[in-house]
1. Length gain on complete extension for the stretch ALA62 to THR190, per 0.36 nm per residue less the alpha carbon to alpha carbon distance?
2. Kyte-Doolittle mean at least 1.0 and Cα extent at least 24 Å along the axis: which DSSP H helices of the chain qualify?
3. If packing is taken as the average count of other Cβ atoms within 10 Å, what order do 144-151, 208-215 fall into, highest mean first?
4. With equal scatterers on the alpha carbons only and no solvent term, can you work out the Debye log10 of I(q)/I(0) for the range 63-174 at 0.10 1/Å?
5. Can you compute the FRET efficiency between HIS105 and THR130 using 1/(1 + (r/R0)^6), with r the Cβ-Cβ distance and R0 = 51 Å? Round to the nearest 0.05.
6. Test of understanding: express the Cα radius of gyration of the range 2-260 as a ratio to 2.2 N^0.38 Å, with N the residue count.
7. Taking the inverse of the average 1/r across all pairs of different Cα atoms in the range 168-261, what Kirkwood radius in Å do you get?
8. Which residues does a label at LEU19 reach in the range 221-261, if reach means a backbone N under 17 Å from a point 7 Å past the Cα toward the Cβ?
Amino acid sequence: MTQDRWADLPLRMASALALLLIFSASLYFGRIGVLALGAVAVVAMHWELARMFGLNRWRLLAAAVVAGLGWLPMAALPTVLIQNATLAAAAGFLPIMLAAAFISHNRSMYIGYGGLLTIGMLSYWYLALTFGALGIAVLATVVILSDIGGYVAGRWIGGAKFWPAVSPKKTWSGTVAGWLLAGVFGLYLTQQIGAIWPVPVAICVAFGAQMGDIAESWVKRRQGVKDSSQLIPGHGGFLDRLDGFIGGAATFGLITALFLS
């Protein structure tokens, strides 16, 4: 039974290493690198989301193409669009508005989660422009630590479920472990900059990442699918891997806009 809990670990680790290398390469190229990576990822996530809600063939292709047309300019022309937040928001929400017209079942759910996806990725874009690649690296570290805490403690310790009706696998032990690891990283940042605010911010971002994970789990359960796709072996799809990143980015973006900018 114990071996079954860890059976997928080698494949997950291999895929995680490949993703880490790609992400590290984007950091090497600075702001343009993380913006380009975000644009590619969001197109893939829009494709997965539209597919999850039943779109196929030319409708599915149209959703992906419009996502590209909306998001790729945000990576190529960030300084132009940052001066017009309304235009940037319109470009971000354009794929959701188009695909929603084609969806016949659970359209409100699609719009709701699509809105969260868009807010999270707009926040990612805003954070990249505000803090550069370093800010995205900090965000990614908090989300990864939260995910590691949830995965290891959830399988090693187990215990009571955090929200079984929505996410049957998430436990309180894993949730709290994610907060603790994020807090430790926040403490490290505190020592580097001489301010205490990174600790509560890191914990809040970890919580936002966990809520992003739960939100995608709820959508998948309602749609009757296990994974958003099989694009990332061992992890499912981009939405499955980046759901926490979406929630964490939205949280970090809101905190930055209200208190840190």
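1. So the extension gain works out to 41.5 nm.
2. For the chain, where a helix must reach 24 Å along its axis and average at least 1.0, the hits are 9-28, 30-52, 57-76, 85-102, 107-156, 238-255.
3. Sorting 144-151, 208-215 by mean packing, highest first, produces 208-215, 144-151.
4. For the range 63-174, the Cα-only Debye profile gives -0.45.
5. The computed FRET efficiency comes out at 0.85.
6. The range 2-260 yields a ratio of 0.98.
7. 14.3
8. Of the residues in the range 221-261, 226-250 have backbone N under 17 Å from the label point off LEU19.
Laboratory data are not the source of any read-out in this text; all were calculated from the coordinates shown. None of the values given here were measured: they were computed from a predicted structure. For neighbour counting, all protein chains shown are included, and Cβ atoms are generated from backbone atoms with ideal geometry for every residue, glycine included.
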